[in-house]
1. Please work out which residue is surrounded by the fewest Cβ atoms within 10 Å (Cβ to Cβ), limiting yourself to the range 190-226 and to residues that are in contact with a Lys or Arg (Cβ under 9 Å, 6 or more places away or on another chain) and small (Gly, Ala, Ser).
2. How many residues are modelled with pLDDT under 90 and within 16 Å of VAL485 (Cβ to Cβ) when one looks only at the range 446-463?
3. Please tell me if ASN323 is over 21 Å from GLY15 (Cβ atoms) and surrounded by fewer than 18 Cβ atoms within 10 Å (Cβ to Cβ).
4. For the range 284-300, does any single residue satisfy the condition of being among the charged types (D, E, K, R) and within 24 Å of LEU208 (Cα to Cα)?
5. Keeping to the range 164-180, report how many residues are farther than 15 Å from SER141 by Cα and touching a helix residue (DSSP H, G or I) at 6+ places or on another chain (Cβ under 7 Å).
6. Take the range 188-240 and flag every residue that is outside the structural domain of LEU342 (by TED's automatic domain parsing), of a type in the set (A, V, I, L, M) and in contact with a Cys (Cβ under 9 Å, 6 or more places away or on another chain).
7. Does ALA554 meet the test of being assigned to a helix (DSSP H, G or I) and more than 25 Å from ALA502 (Cβ to Cβ)?
8. Would you check which residues across the range 138-190 are touching a Pro at 6+ places or on another chain (Cβ under 6 Å) and in a loop (DSSP other than H, G, I, E, B) and list them?
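The values are calculated or read from the model by the stated rules, or taken from the named source; none is laboratory data. Computed from a prediction, not measured in an experiment: that's the story for all the values here. Here the Cβ positions follow ideal geometry from the backbone for every residue, glycine too, while neighbour counts run over all protein chains shown.
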Amino acid sequence: MNKGIYIANTESQTGKIVVALGVLKLLLSKVSRVGYFRPIISDFPNGKKDNHIETILSYFNLDMDYEEAYGFTISEVVHLKNLGKESVLIDRLIEKYKTLEAKFDVVLVEGSDFESKGVAFEFDLNAEIAKNLSIPALIVSSAHDKEIMDAVSNLDLAVKTYTEKDVTVLAVFMNRVNENDCENMEEELKKVIPSETAIGLIPEVKKLSSPTLQEINNELGGEVLFGEDFMNKRAEKFNIGAMQLRNYLDRVGENCLVITPGDRSDIIMGALQANASANYPSLAGIILTGGITPGKPIMKLIDGLPNVVPIILVDEVTFVAANKIGNVKSKVRAGDTKKIELSIAIFEKYIDTDFALDRFKRFRSNVLTPRMFQYNLVSKAKSKKKHIVLPEGTDPRILEAAVNLVEQNVVDVTLLGNKEDILAKAQENGLKINEDEVTIIDPAKSEYYEDYWKTYYQLRKHKNIPEDYARDTMLDVSFFGTMMVYKGHADGMVSGAAHTTAHTIIPALQFVKTRPGVSTVSSVFFMCLDDHVSVFGDCAVNINPNSDQLAEIAISSAESAIAFGINPKVALLSYSSGTSGSGAEVEKVKEATKKAIALRPDLKIEGPIQYDAAVDASVGKSKMPDSEVAGKANVLIFPDLNTGNNTYKAVQRETNAVAIGPMLQGLNKPVNDLSRGCTVDDIFNTVVITAIQAQDQE
């Protein structure tokens, strides 16, 4: 079974809680451990808590604390959005959700309530959250006070919006439908809702939509004069007692709330008598307006009556009180067991859950968003912490990334360089280096120095290098850091923020060397696009690889994809697809494809193929209809460095994709290069993938 499901509103007051309660009970009938999460809740004054969370946790006795069950308040969301920190919002929500996902068999995620005024982005934000959590959605809408076609159009638009964001909609629920409209409503929905999406209709149930006297009094802030034990009675309608009693009594209906000024003793006593009479329906209660308490004889008379309905005194005049009562929205509340059980019973009565549940069991998301990919990387790096050396210890970007990595407990970090210079540079940039958590090594003063230069000399003496050259070379931070990796004093190295690619790679090629069976060191970028992650290779190392090298790059890139949780479909790119073109470059790619398939027949490999045919389903089907890769490729191998380097940069700039890398592949131990224009995030991400490489090479 899939691990999560998202329940979303199309607007406020849809009765989403009814669906949430029903779905949660259904899930608990299939698995034993169900979690509950609300990414965004409303702001509550005076320490009040979210009613949905309290209701769900208490009624189902879920093994969760209140703080675990939500991500942000809506005001916190607005603040982050105003600061341009939407990515922080998504990252934290993924982290909280993933914590629950690890704890429970299934997590029910309930979207925001649309109750905050002026927050127009809530609908899109809920869709974006569902997308980044890679879970399917249930969408709830309301037909209350709407024409059939308006209600249908509203729900149709919601489904299209979620689908466009690559969120699978398992089911839609139209709530509060007029019973007489149910058949027509279902017919119209079937015309626009995809056949694979279940449709559920829940008619208007007055017992659910009608507020209790307690809810009404919470809004009015009145004084309960009588009937305090019956404040859970529901007011299905209300009317104003302003006419003579003989005319008013005919307007009294079942569970009606009487609103009348406090000095209308005739209406008060007549209503109470009607409530007691077998010839009139039962009342919900009486609201006395104007702040006028009935006279003592009337109060004494009422006090002597048995089972008096709630009588509430309010300060507002009749018109204002009636308006406020009309705006009271009934809610399912924690502790209101009868209403909770009624909600579940209604859901079970009207919703055929088999279709949606079957789709939920079979659902597998193909969407891997950049934020989820990065979260998965960091989580994997944390799972078995590695030690990474950063030779460029005085670069402010390196220092900031090191602080972030240590604070998040991702890796152990060693910085190379003069200790005083590193600490001074950190202080200059407002960074605090905790020497208990970050190791600083000056190669010239290190206890390892003599062993390192002697080892280097032994490894390179066949090249006729003198000992003095070995001593001087090992003072270079790139060589010293690489030797730490070679000796096992560090698990990996990341450099290049202030040095050339050659300066980073040459030491690794000299003595770390390539893995058995690998002759070509190459690189990949993880291109985090809007809804998936692609692997681009080689975009940083090999200028013009031959067919053998290209085949090896394709296989290494596929293996890198597998190591990072991506099921590889490999496309070797060219300016023609299949047999449509000719020329030396096309022939090189053809040969490389044949060799790669021969070496790894278990992998899905296609080539030569053009970029559009590799990634666009319609183009791929047109140009190579029998290919398992065309239109679905996620590992893209470029024929030369000129093409690869320019393409990754073009995609990065034009689509705002996050490019993680380059990650070197084929070495015995992980050493990775940075661009001299790298950001702090680039460094952070490269260290993370280096740590994961170290885990996989154990």
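1. In this case the residue turns out to be SER209.
2. Of the residues in the range 446-463, 1 are modelled with pLDDT under 90 and within 16 Å of VAL485 (Cβ to Cβ).
3. Answer is yes for this residue.
4. So far as the range 284-300 goes, no, none of its residues is among the charged types (D, E, K, R) and within 24 Å of LEU208 (Cα to Cα).
5. 3
6. Hit for the range 188-240 is ALA235, nothing else.
7. no
8. Scanning the range 138-190 gives a single hit, THR168.
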